[in-house]
């Protein structure tokens, strides 16, 4: 699997001691920076969950369908989709949305691969800079 993410924020969060499916999903989503502190109603999280469910069903959803399923306005869906598209987690075809991965484990593996690619490039450039500055 080779997935390129544009912007992922990884936040170190303490996993709840007493976990449930919902708690684990929220922890994972928060750890990936999928929604911020201002999203008090967790509308981005709800949109993400609907996209995850749709992936399982093999469906690609419009913003209208996402709004109905997540019980939020279409404008709110569009706002969150813009952010999720910018992150690279979601793709859009003919004004319909879907996750770039089929499951959460695939998502994490893709993020891991992307982090390693970016770190390797940073290491290479840092080495070149050190050599140019004769620091090494």
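None of the figures in this text is laboratory data; all of them are computed from the coordinates on show. All of these numbers come straight from a predicted model, not from anything done at the bench. Virtual Cβ from ideal backbone geometry, glycine too; neighbours counted across all protein chains shown.
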Task: Separation of the residue 68 and residue 112 label points, Cα + 7 Å toward Cβ, nm - done: 3.8 nm
Open item on the list: As a footprinting exposure proxy, order 129, 108, 8 by other Cβ within 10 Å, with the fewest listed first.
Closed with: 129, 108, 8
TODO: Obtain the nm distance between the two label points defined at residue 126 and residue 39 by a simple spin-label model: each point lies 7 Å from its Cα along the Cα-to-C-beta direction.
DONE: 3.0 nm
Open item on the list: If I stretch the segment between residue 59 and residue 82 completely, what's the gain in nm (0.36 nm per residue apart, minus their alpha carbon distance), one decimal?
Closed with: 6.3 nm
Open item on the list: Cut-off is 10 Å between beta-carbons; in what order do 61, 85 appear when sorted fewest neighbours first?
Closed with: 85, 61
Task: Nearest 10 degrees, 0 to 90: helix 21-31 Cα axis against the chain principal axis - done: 40 degrees
- [ ] Going by C-beta contacts inside 10 Å, put 40, 96 in order with the fewest on the left.
- [x] 40, 96
TODO: State the volume of the convex hull built on the alpha-carbon positions of the chain, expressed per residue in Å³ and rounded to an integer.
DONE: 151 Å³
